[in-house]
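Structure record follows, encoded as structure tokens.
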Amino acid sequence: MKRIFLILAVALAGVTSSMAQHAKANLSFSETIHDFGDIQESDGKVEYVFKFNNNGGQPMVLHNVKASCGCTTPEWTKTPIPPGGHGEVKAIFDPRNRPGNFNKTITVQSNAENGTVVLRITGNVIPREKTVEDIYPRNMDVIRLESSHLAFTKMTPDQKKTEQLKIISTSDQPLKISFANVPKHVTIKAVPEVLQPKQAGVITATYDAAAKSDWGFVTDNVFINFNDTKDYKNRLTLSASIEEDFDSWTPEKLAKAPIVNFEEKTWNFGDINQGDKVTHKFVVKNDGKSELIIRKVKASCGCTAIKPEKTVLAPGEETTIMAEFNSTGKSGRQNKSVTVVTNDPKTTTTLLRISGNVAIQ
């Protein structure tokens, strides 16, 4: 008799467990992967609808549906799905500027017993033929350019580097290209110098870091003249980051390198009245094992920073950098900075931040 009761108890427990599981919502997709195959970028967005059922015994709610990237936008059934009901998750993929194979996921989260389900879309985007606007996105008067910024990126203090920028004429007349406000450390020209109507060419520039004689991130502006006509709206920005060649340092030299350390890197001058001037001393110390050289101290607009008298610090030595903020003509919240460039190989550039509030009396 005891044996019979035991069997009945086990059977009843199984039924109870089955009923409990059946009572929960259950998210069941007919498929979880869709391959779009080859799609044309020029045809625009494509979409696919993943269909699902609630095979459980309780209402189901999809409370979060998230795509793996911004190129895929999901839409989904947001109302509760009753037991036996069905819903949809729509995947919309935008192929613009995304040539080649793609493999994206959509994570579906719900109150179902299988709370998280991952859907996947794949395919291959066949790129569209690029237009003049695609190749030369920056419009400047009678030409188009790849960019209005020519970056020479990282350079050593004695390095020369040449970079090019693609251009094309949008004029229906021959176009002579020349340059104004060219600094001594830059040579720049257009090739060819005269562009025929709709002709493509390049701007080629050489940057001499030794002639620039500066440190850190630096910029210059030159102006492009068309047929010898000056217009200061036609500006081309040149930039470089001039740093020591720390890659050439030996492990032994790096182990004995200087280490720049600031007592504080922020200063809040609080509330001041318009017209007031406030000053602050930033303390800088060399915590390394060789001389620390303060290469450059540069303040952003609205404040000044005085380069310390002592720019070479022995190990353990410290000095101060005086910063002054002049509130004349300013009002409201202020955020300024001072850039300090040193020969610390791990922290070449340090940004000191200055903030506060200027009130008008």
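Scan V340, V284, V278, V297 and give me the residue that is of a type in the set (A, V, I, L, M) and over 32 Å from the mean Cα position of the chain (by Cα). Of V340, V284, V278, V297, the one residue that is of a type in the set (A, V, I, L, M) and over 32 Å from the mean Cα position of the chain (by Cα) is V278.
The listed residues are G302, G316, G275, G329, and the only one of them that is at positive phi and modelled with pLDDT of 95 or more turns out to be G316. Taking each residue of region 164-189 that is on the phi > 0 side of the Ramachandran plot and looking for partners that are hydrophobic (A, V, I, L, M, F, W, C) and part of a strand (DSSP E or B) with beta-carbon atoms closer than 7 Å, six or more apart or interchain, yields N181/V222; N181/F223.
The set of residues in region 62-115 that are farther than 30 Å from P127 by Cα, part of a strand (DSSP E or B) and in contact with a Pro (Cβ under 8 Å, 6 or more places away or on another chain) contains only I81. Is there a residue being over 29 Å from I168 (Cβ atoms), surrounded by fewer than 12 Cβ atoms within 10 Å (Cβ to Cβ) and either among the hydrophobic types (A, V, I, L, M, F, W, C) or outside the structural domain of T347 (by TED's automatic domain parsing) (or both) anywhere in region 206-228? Scanning region 206-228, I find at least one residue that is over 29 Å from I168 (Cβ atoms), surrounded by fewer than 12 Cβ atoms within 10 Å (Cβ to Cβ) and either among the hydrophobic types (A, V, I, L, M, F, W, C) or outside the structural domain of T347 (by TED's automatic domain parsing) (or both), so the answer is yes. The residues of region 37-53 that are under 18 Å from E75 (Cα atoms) and out of contact with any Asp or Glu (no Cβ under 9 Å at 6 or more places or on another chain), listed by number, are Y48, N53. With a requirement of 2 or more residues that are more than 26 Å from V218 (Cβ to Cβ), the strands (runs of 3 or more DSSP E) lying completely within region 248-338 that satisfy it span 266-273, 277-286.
Against the definition (more than 20 Å from V49 (Cβ to Cβ), touching a helix residue (DSSP H, G or I) at 6+ places or on another chain (Cβ under 7 Å) and either loosely packed, with under 14 Cβ neighbours inside 10 Å or at pLDDT below 95 (or both)), how does R144 come out, yes or no? Answer is no for this residue. Being within 21 Å of E31 (Cβ to Cβ), assigned to a strand (DSSP E or B) and in contact with a Leu (Cβ under 9 Å, 6 or more places away or on another chain) is a description that applies to F52. Is it the case that some residue within region 118-141 is closer than 30 Å to I293 by Cα and either outside the structural domain of P74 (by TED's automatic domain parsing) or of a type in the set (K, R) (or both)? No; the residues of region 118-141 include none that is closer than 30 Å to I293 by Cα and either outside the structural domain of P74 (by TED's automatic domain parsing) or of a type in the set (K, R) (or both). All told, S337 falls short of being surrounded by 14 or more Cβ atoms within 10 Å (Cβ to Cβ) and in contact with a helix residue (DSSP H, G or I) (Cβ under 9 Å, 6 or more places away or on another chain).
When F102 is tested against (1) surrounded by fewer than 14 Cβ atoms within 10 Å (Cβ to Cβ); (2) under 25 Å from the mean Cα position of the chain (by Cα); (3) more than 30 Å from S169 (Cβ to Cβ), exactly one condition is not met: (1).
For region 56-65, the criterion of being buried (at least 17 other Cβ atoms within 10 Å of the Cβ), in contact (Cβ under 8 Å) with a residue 60 or more places away in the chain and more than 23 Å from S42 (Cα to Cα) is met by no residue. Residues in region 176-218 that are of a type in the set (K, R), over 25 Å from K296 (Cα atoms) and either in contact with a Lys or Arg (Cβ under 6 Å, 6 or more places away or on another chain) or not in a strand (DSSP E or B) (or both): K198 only.
Quick one: would you say E129 is in a helix (DSSP H, G or I) and farther than 20 Å from S30 by Cα? When the stated conditions are applied, E129 does not pass them. For region 301-329, filtering for residues that are polar (S, T, N, Q) and without any contact (Cβ under 8 Å) to a residue 40 or more places away in the chain leaves 4. For region 163-203, filtered to residues that are of a type in the set (S, T, N, Q) and within 23 Å of E133 (Cβ to Cβ), the residue that is surrounded by the fewest Cβ atoms within 10 Å (Cβ to Cβ) is Q173. Against the numbered list (1) of a type in the set (G, A, S); (2) at pLDDT 95 or above; (3) in a helix (DSSP H, G or I), G37 comes up short only at (3).
The values are calculated or read from the model by the stated rules, or taken from the named source; none is laboratory data. From a predicted model like this one, the values you see are computed outputs, not experimental measurements. All Cβ positions, even for glycine, are placed from backbone atoms using ideal geometry, and neighbour counts span all protein chains on display.
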